[in-house]
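Read the structure below first, then the notes.
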Amino acid sequence: MLIKRRATIQPSEITPEAVYRSRRRFLGTAAAGLLATPAFAAGWLGEKIPSGLGNPEFDEALTPFDLASSHNNYYEFGTDKSDPARHAHGLTIDPWSVEVVGEVGKPGVYTLEDILRPHDFEERVYRLRCVEAWSMVIPWIGIPLQAVLRRFEPTGDAKYVEFTTLYRPSEMPGQRASGFFSSIDFPYVEGLRIDEAMHPLAILAVGMYGQVLPKQNGAPLRLVVPWKYGFKSIKGIVKIRLTETEPKTTWNLSAPREYGFYANVNPEVNHPRWSQANERRLDGSFFGNRIDTRMFNGYADEVASLYSGMNLRRYY
Amino acid sequence: MLLFAVCLAPLAMLAWDVWRALAGDLEALGADPGEAIVHHLGEWGIRLLIATLAVSSIARLTGRPSLIRYRRMVGLFAFVYVALHFSAYFGILAGAELAALLGDLSERPYIIAGGGALLILIPLALTSTRAAQRRLRHNWRRLHRLVYVAAVLAVLHIAWLAKVSYVDAYIYGSLALLLLGERVFQWVKTSQKAQQNSRQNV
């Protein structure tokens, strides 16, 4: 795969100006916190979206946008699932930059634009399975994580990737409320093994449902790892660290017996306090939405080989 | 009558929300309506259970034993909410599958605790009539002391269920502890008095 060097190839040289401008418009709209940007619906994006790589034929109904944008676990804005939609509007997402450190040839602080500009966006329809046994089907818009990571030139010692969410208590009320009554620490940290991070299904998402990400869904930049429980798909990323040792991740630190580092969706390994054998596919209905949970959330064909020979009961 | 309305209000509110949700209003019950219904019913179940314990304590502490007459209604409402909570859990979250219920019961400590509390409340509700009270005589008091076990199980149910925030468990736990403590205090006081009396008699 070609590694694009920022220093030698300027995006302006390879990107037609009209496209570049419409991207600027997209970013500007994202910053304004508006939805349904015309730029996104514009032709340039449609042309750039190939028929989803690694995306299985999807006969499952999409979760309505209103549900996916109003039922979120984003503890930075409160522990109730309706809190993020109510409190995230005050978050400043422009300017936004991501610090890249650790085992990379090109560490540094990259603006959101630096990170996104060289890439084509793709639409990926993925299942999202929360560790709390509910699930959704969401059409994400993003870029393969591996393509972004390669640009930072990981060294041979980069065995893991650690991601960190923004820590800004002034705009994230849930961070102010932590302490005695809560058992997770901020900033939120998640991580992947390098081969998981390099898997083509893992993406950095910037949009969903043909629009820029709502803030409660992790704008402007979040991870989506569809074969793992939702808490692995960290939101509001401000730091990416490549490291030789397994990152200490937030939920794992908070309750190691309940939330493993791997957190692969697995109907056979129950959470100590509830079954993971089935899930409620949230579609707004009261009944009939209980379905069986599938191994690796239905992505076993694509990802099972990452874990061959591993005892998934032990490495849950 | 007022008390009846107060106890019924949360159920009426839920019915209203269910009505709105069925009519397509997403705000009414959120994206996970089943979970919201179960949670609402359970929340009011434990609140009224603790309120039931509080009625006796308040009657004692304020020296107004006539208040005790409200205890049965509050207790019965607690039972109604807990029973509806279970029905909603079974019918919606467990998909009305007996296998799912049995699986949960055998594996999930919080479901065992909650189930235990419900099982205890059934005979208490059945023997809440004056006739039963007369028939059982002093055994009635003994039987109805089981409500303390139910309260402790209900608090455990909530504590074991909590994912990250233990606020609810702390609040209900300390209220239950306070009310149970009041009873222990009364019991110690009475038995001390009894001891003094028996000493004086000797």
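The values are calculated or read from the model by the stated rules, or taken from the named source; none is laboratory data. Note that the structure is a prediction, hence the values are computed from the model and not measured. Positions of Cβ are backbone-derived with ideal geometry, glycine not excepted, and every protein chain shown enters the neighbour counts.
Applying the set (1) surrounded by 20 or more Cβ atoms within 10 Å (Cβ to Cβ); (2) away from chain B (no Cβ under 14 Å) to residue A:171 leaves exactly one unmet item: (1).
The condition (being assigned to a loop (DSSP other than H, G, I, E, B) and either closer than 30 Å to residue B:32 by Cβ or at pLDDT below 95 (or both)) is satisfied by just one residue among A:168, A:127: A:168.
Could you tell me which of the residues B:15, B:28 is surrounded by fewer than 20 Cβ atoms within 10 Å (Cβ to Cβ), more than 19 Å from the chain's Cα centre (by Cα) and farther than 25 Å from residue A:136 by Cα? Being surrounded by fewer than 20 Cβ atoms within 10 Å (Cβ to Cβ), more than 19 Å from the chain's Cα centre (by Cα) and farther than 25 Å from residue A:136 by Cα holds for just one of B:15, B:28, which is B:15.
Scanning the stretch A:296-316 for residues that are surrounded by fewer than 17 Cβ atoms within 10 Å (Cβ to Cβ) and over 22 Å from residue B:109 (Cα atoms) returns A:300, A:301, A:304, A:305, A:306, A:308, A:309, A:310, A:311, A:312, A:315. Given the options A:240, A:291, A:234, name the one that is touching a Lys or Arg at 6+ places or on another chain (Cβ under 8 Å) and in a strand (DSSP E or B). Within the list A:240, A:291, A:234, the selection yields A:291. Restricting B:105, B:175, B:136 to those that are surrounded by fewer than 17 Cβ atoms within 10 Å (Cβ to Cβ) and either at pLDDT 85 or above or more than 14 Å from chain A (Cβ to nearest Cβ) (or both) reduces the list to B:136.
Okay, residues lined up against (1) charged (D, E, K, R); (2) crowded, with 20+ Cβ neighbours inside 10 Å; (3) within 14 Å of chain B (Cβ to nearest Cβ):
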residue	(1), (2), (3)
A:198	no, no, no
A:209	no, yes, no
A:215	yes, yes, no
A:220	no, yes, no
A:233	no, yes, no
A:241	yes, yes, no
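Selection of first residues in the stretch A:77-106 that are within 14 Å of chain B (Cβ to nearest Cβ) and of second residues that are surrounded by fewer than 19 Cβ atoms within 10 Å (Cβ to Cβ) and among the β-branched types (Val, Ile, Thr), restricted to Cβ pairs under 8 Å at least 6 apart or on distinct chains, gives the following pairs, ordered by first then second residue: A:79/B:164. A Cβ distance below 6 Å, combined with a sequence gap of six or more or placement on separate chains, defines the contacts here; from the stretch B:7-27, residues that are within 12 Å of another protein chain (Cβ to nearest Cβ) reach residues that are surrounded by 14 or more Cβ atoms within 10 Å (Cβ to Cβ) and of a type in the set (A, V, I, L, M) in the pairs B:17/B:28; B:17/B:29; B:21/B:28; B:21/B:29. Residue check: residue A:205 meets all listed conditions (1) in contact (Cβ under 8 Å) with a residue 60 or more places away in the chain; (2) in a helix (DSSP H, G or I); (3) of a type in the set (Gly, Ala, Ser) but one, namely (2). Could you tell me whether any residue of the stretch A:154-163 is under 30 Å from residue A:64 (Cα atoms), of a type outside the set (D, E, K, R) and modelled with pLDDT of 90 or more? Yes; the residues of the stretch A:154-163 include at least one that is under 30 Å from residue A:64 (Cα atoms), of a type outside the set (D, E, K, R) and modelled with pLDDT of 90 or more.
Among the residues making up the stretch A:279-310, those that are within 14 Å of another protein chain (Cβ to nearest Cβ) and of a type in the set (A, V, I, L, M) are A:282, A:291. Every condition in (1) touching a residue at least 60 places away in the same chain (Cβ under 8 Å); (2) buried (at least 19 other Cβ atoms within 10 Å of the Cβ) holds for residue B:61 except the one numbered (2). Entry remark, the stretch A:66-106: residues being assigned to a strand (DSSP E or B) and among the aliphatic types (A, V, I, L, M) number 4 in total. For residue A:185, the conditions (1) acidic (Asp, Glu); (2) more than 30 Å from residue B:171 (Cα to Cα); (3) surrounded by fewer than 24 Cβ atoms within 10 Å (Cβ to Cβ) all hold with the exception of (2).
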